[in-house]
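First comes the structure, then the notes that go with it.
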Amino acid sequence: MEYLALACRALLIVVFLVSALTKLTSPVRYRSFVRATRRMRVVPRALVKQTAVLVVAAEASIAILLAIPTTITALAGFTIAFGLLAGFTVGIIVAVRDGDTEPCACFGKSTTPMGPQHVGRNAFLLLAATAGFTGALIGGPFDLGMAAIAAVGGLVFGGLVTVFDDLYELFRPTPAASSSRHG
């Protein structure tokens with residue numbers, strides 16, 4: 001279980017670090033995130049800017065807490081990650097239900113319409129937060145080589161999550177082109 005916890009730590013560190021840095025290093029991307037938050041209508045309009053600041057602070061905090069190699073910081077990081085992801089998931093469900101399919105500004109610029117695939121992505125991340133929390137709680141000794149493999153696996157999956165929209169667009173089924181036979 002300790003290897004699963006380590007992989008989940010690495011995965012969520014990448015996801016939340018990239019998400020926070022994307023918003024913090026680009027005013028354009030941050031404003032896009034604020035607009036997306038406003039558009040989703042999950043918080044009162046008067047609180048959108050404050051909510052956006054809190055979300056970015058929480059994302060950065062999660063990455064920092066999970067990077068510190070103690071059980072208590074891991075449990076705190078996984079708990080905050082679960083809460084934030086649950087909120088994001090509810091926001092996506094509400095937005096899609098209300099017909100808002102504008103692209104998500106989670107990891108910067110995206111052209112992929114928000115939809116059920118984002119709920120699925122977040123369900124995967126919620127599962128990672130839950131598994132990581134459980135693994136951190138149980139703990140135990142580990143082999144350094146196996147720990148390195150688990151960490152690298154988590155980093156790879158975290159990287160894949162950050163380019164999820166690109167991968168979705170690449171592998172998304174497209175309508176078959178109509179062909180007409182002239183004969």
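The values are calculated or read from the model by the stated rules, or taken from the named source; none is laboratory data. Keep in mind that what you see is a predicted model, and the values were worked out from it rather than measured. Don't worry about glycine lacking a Cβ; one is built from the backbone with ideal geometry, like all the others, and counts go over all protein chains shown.
Might you check whether a residue that is buried (at least 20 other Cβ atoms within 10 Å of the Cβ), of a type in the set (A, V, I, L, M, F, W, C) and touching a strand residue (DSSP E or B) at 6+ places or on another chain (Cβ under 7 Å) occurs anywhere in segment 99-119? So far as segment 99-119 goes, yes, one or more of its residues are buried (at least 20 other Cβ atoms within 10 Å of the Cβ), of a type in the set (A, V, I, L, M, F, W, C) and touching a strand residue (DSSP E or B) at 6+ places or on another chain (Cβ under 7 Å). Being among the aromatic types (Phe, Trp, Tyr), touching a residue at least 12 places away in the same chain (Cβ under 8 Å), part of a helix (DSSP H, G or I) and at negative phi: is that true of Phe78 here? For Phe78, the condition - among the aromatic types (Phe, Trp, Tyr), touching a residue at least 12 places away in the same chain (Cβ under 8 Å), part of a helix (DSSP H, G or I) and at negative phi - is met.
Quick grid of which residues meet (1) assigned to a helix (DSSP H, G or I); (2) not β-branched (Val, Ile, Thr):
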position	(1), (2)
Val15	yes, no
Ser32	yes, yes
Val42	no, no
Leu54	yes, yes
Ser61	yes, yes
Thr111	no, no
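Every test in (1) in contact (Cβ under 8 Å) with a residue 40 or more places away in the chain; (2) closer than 30 Å to Arg41 by Cα; (3) small (Gly, Ala, Ser); (4) not in a helix (DSSP H, G or I) is passed by Gly99 save one, and that test is (1). Thr73 meets all of the listed conditions (1) surrounded by fewer than 19 Cβ atoms within 10 Å (Cβ to Cβ); (2) within 18 Å of Tyr168 (Cα to Cα); (3) polar (S, T, N, Q) but one, namely (2). Among the residues in segment 129-149, are any closer than 21 Å to Lys23 by Cα, out of contact with any helix residue (DSSP H, G or I) (no Cβ under 8 Å at 6 or more places or on another chain) and at pLDDT below 90? No, there is no match, as no residue in segment 129-149 is closer than 21 Å to Lys23 by Cα, out of contact with any helix residue (DSSP H, G or I) (no Cβ under 8 Å at 6 or more places or on another chain) and at pLDDT below 90. Restricting to segment 136-148, name every residue that is surrounded by 14 or more Cβ atoms within 10 Å (Cβ to Cβ) and either in a helix (DSSP H, G or I) or polar (S, T, N, Q) (or both). The answer is Ala136, Ala147. Given the structure, is Ala86 assigned to a helix (DSSP H, G or I), surrounded by 21 or more Cβ atoms within 10 Å (Cβ to Cβ) and in contact (Cβ under 8 Å) with a residue 12 or more places away in the chain? It is false that Ala86 is assigned to a helix (DSSP H, G or I), surrounded by 21 or more Cβ atoms within 10 Å (Cβ to Cβ) and in contact (Cβ under 8 Å) with a residue 12 or more places away in the chain.
Looking across segment 29-47, the residues that are surrounded by 10 or more Cβ atoms within 10 Å (Cβ to Cβ), at negative phi and not hydroxyl-bearing (Ser, Thr, Tyr) come down to Arg29, Arg31, Phe33, Val34, Arg35, Ala36, Arg38, Arg39, Met40, Val42, Val43, Leu47. Looking at Ile92 and the list (1) part of a helix (DSSP H, G or I); (2) in contact (Cβ under 8 Å) with a residue 24 or more places away in the chain; (3) surrounded by fewer than 19 Cβ atoms within 10 Å (Cβ to Cβ), which single condition is not satisfied? Of everything listed in (1) part of a helix (DSSP H, G or I); (2) in contact (Cβ under 8 Å) with a residue 24 or more places away in the chain; (3) surrounded by fewer than 19 Cβ atoms within 10 Å (Cβ to Cβ), Ile92 misses just condition (3). With respect to (1) within 14 Å of the chain's Cα centre (by Cα); (2) assigned to a helix (DSSP H, G or I), the lone exception for Val28 is condition (1).
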